[in-house]
Amino acid sequence: MCKTKDSVERRNYREVWKVKMRFLVDGKAEKLKHSMVSSSRMKLWLIRAIMTALLWTCVVQLMSIGETWGPRLLKSWPSCLNQSDFSLAIDESLPAKVVLPPKRVYKNNGYLMVSCNGGLNQMRAAICDMVAIARYLNVTLIVPELDKTSFWNDPSEFQDIFDVDHFITSLRDEVRILKELPPRLKRRVELGMFHSLPPISWSNLSYYLHQILPLLQKHKVVHLNKTDARLANNGLPLEIQKLRCRVNFSALRFTPQIEELGRRVVKILRERGSFLVLHLRYEMDMLAFSGCSHGCNSDEVEELTRMRYAYPWWKEKVINSELKRKEGLCPLTPEETALVLSALGINHNVQIYIAAGEIYGGQRRMSSLAAAFPNLVRKETLLKPSDLIFFQNHSSQMAALDYLVSLKSDIFVPTYDGNMAKVVEGHRRFLGFKKTIALNRKLLVDLVDQYITGSLSWDEFSSAVKDTHADRIGNPRERMVIAERPKEEDYFYANPHECLQSLDEPLRLQSSPLIPGH
């Protein structure tokens, strides 16, 4: 009986043990199964990741091959995109490749700092001169400092007006340009351990070689604190003249924001037809500086005189306005300008873009011009206030916008031969001798006075004005050289003929839709 009971218990124990073992084995098997599944997924993920990386590497390598094998290979790939779609996709995803000129290697003779003076175009020409001088002396040029203390009181830095990175990189095969001095030299300048001077006006290269270079070698840093008209117009090596042109026409590019706004203004004007840009130099500062007050009332004359005396660097004080006008040294008034444009035969319905600041005397002085040419426009009338909000109180940036529009116009007419008139004229010559009417003010004011007093009929007046300006339209010609009086000779930037179409080639001027018969 006892024996039978023991047998039953042993049998039950074995059954329980078998069940436990089965559960144990099944559990391990399940875990092993899960482990194997996880391992397989991990391997699959790794394979996919490796394959993806390899594929992208191949694509990048193919695209970097360039224009030789790349297009052939990509063209043969089956794709749901057509060729233009694929090109568009590449253009949007990759920045345009910029090919930089190789750096010029030379022994550095020092560092040249420059502080420009004057308005935008006065500073523009000076920057071109300073690059040429730095190249000739084999020195490092620091990005020029712009004038912030002139009448316009513009706080703009170089990089606010010009594309500074383009300026530096595009000239690296000629001269090394830095945004600022290296720290060690910057500390020396802070301690006053440098030499500063205004160079002599209209100097040739021997002056810089024998006077400025020794200062650079001695002090390591030289600061030229006045830069306008410091390099001669003529008598310079051809490579120096061509470098001045390269800086002016290529390296000095305005910022993308200014360039884009300029394109927008030109597009608006072009959609409406042809347009003439009138650089009406009749702002308050111009009249005060020149002492020209023809057509102003007594209160305005007094106001202009006070302004002239308020700026000590405007050297002339007592000025005979009428005598100066008779000599052709005053800008044309808006009233005189209306008569001259009409006498030249300019279409009265054409758009005239006023490239200038606020005209002194306002609507009262502009009424004659507006009556003769009703389609007067300005950047302020073509753009929204929000477009110009960042340009407010930045006269140089406003001038840069006018400069771009002036380059694109069908005709450019400056009423005074200031820096903008000269530099734009030269740039338009470079762009294919685009029509620029250089007004002979001395003759014009005499003709205007004769017409006003009745000494000339309209037909006689108009015929005389046209005859006088028949060959003053920006056509190819040599610069006038007056070696002993460089200030009176033709300005290099108004006619950089060394950089232009050969004078032996036939003149190819575009016809103008604004003047009948042209």
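Descriptive notes on the structure:
- Subset of the range 112-128 (residues that are over 15 Å from residue 426 (Cβ atoms) and outside any strand (DSSP E or B)): 116, 117, 118, 119, 123
- Annotation note: of 175, 189, the sole residue that is more than 24 Å from residue 400 (Cβ to Cβ) and of a type in the set (Val, Ile, Thr) is 189.
- Residue match in the range 182-190 (condition: out of contact with any strand residue (DSSP E or B) (no Cβ under 6 Å at 6 or more places or on another chain), assigned to a loop (DSSP other than H, G, I, E, B), modelled with pLDDT of 95 or more and not assigned by the TED database to the domain that holds residue 402): yes
- One residue stands out in the range 113-170 among those that are open to solvent by 10 Å² or more (accessible area, probe 1.4 Å) and of a type in the set (Lys, Arg): the one that is modelled with the lowest pLDDT, namely 148.
- Residue in the range 400-421 that is touching a Cys at 6+ places or on another chain (Cβ under 9 Å) and open to solvent by 10 Å² or more (accessible area, probe 1.4 Å) present: yes
- Residue check, residue 235 closer than 30 Å to residue 109 by Cβ, part of a loop (DSSP other than H, G, I, E, B) and free of Cβ contacts under 8 Å to residues at least 12 places away in the same chain: no
- Scanning the range 421-452 for residues that are in a loop (DSSP other than H, G, I, E, B) and in contact (Cβ under 8 Å) with a residue 60 or more places away in the chain yields 432, 433, 434, 435, 437, 439, 440.
- The range 262-281 - residue that is hydrophobic (A, V, I, L, M, F, W, C) and open to solvent by 10 Å² or more (accessible area, probe 1.4 Å) and, of those, farthest from the chain's Cα centre (by Cα): 268
- Failed condition for residue 389, given (1) over 28 Å from residue 293 (Cβ atoms); (2) in contact with a Leu (Cβ under 8 Å, 6 or more places away or on another chain): (2)
- Tabulated pairs, the range 371-396, first under 18 Å from residue 359 (Cβ atoms) and of a type outside the set (A, V, I, L, M), second open to solvent by 90 Å² or more (accessible area, probe 1.4 Å) and in a loop (DSSP other than H, G, I, E, B), C-beta under 9 angstrom, 6+ apart or interchain: 373/349; 374/349; 375/349; 395/152; 395/153
- Search result, residues across the range 371-424 that are over 22 Å from residue 287 (Cβ atoms) and among the acidic types (Asp, Glu): 387, 410
- When residue 464 is tested against (1) buried (at least 16 other Cβ atoms within 10 Å of the Cβ); (2) in a loop (DSSP other than H, G, I, E, B), only condition (2) is not met.
- Listing of helices (runs of 4 or more DSSP H) fully contained in the range 282-351 that carry 2 or more residues being within 33 Å of the chain's Cα centre (by Cα): 284-290, 298-310, 334-343
- Test: residue 304 is open to solvent by less than 10 Å² (accessible area, probe 1.4 Å), closer than 15 Å to residue 288 by Cβ and in the same structural domain as residue 452 (by the TED database): yes
The values are calculated or read from the model by the stated rules, or taken from the named source; none is laboratory data. Just so it is clear, the model here is predicted, and its values are computed rather than measured. In this analysis, Cβ positions are derived from the backbone assuming ideal geometry, glycine residues included, and neighbour counts consider all displayed protein chains. What goes into the accessible areas is simple: the full protein's heavy atoms, side chains included, and nothing from ligands, DNA or RNA. Shrake-Rupley method; radii C 1.70, N 1.55, O 1.52, S 1.80 Å.
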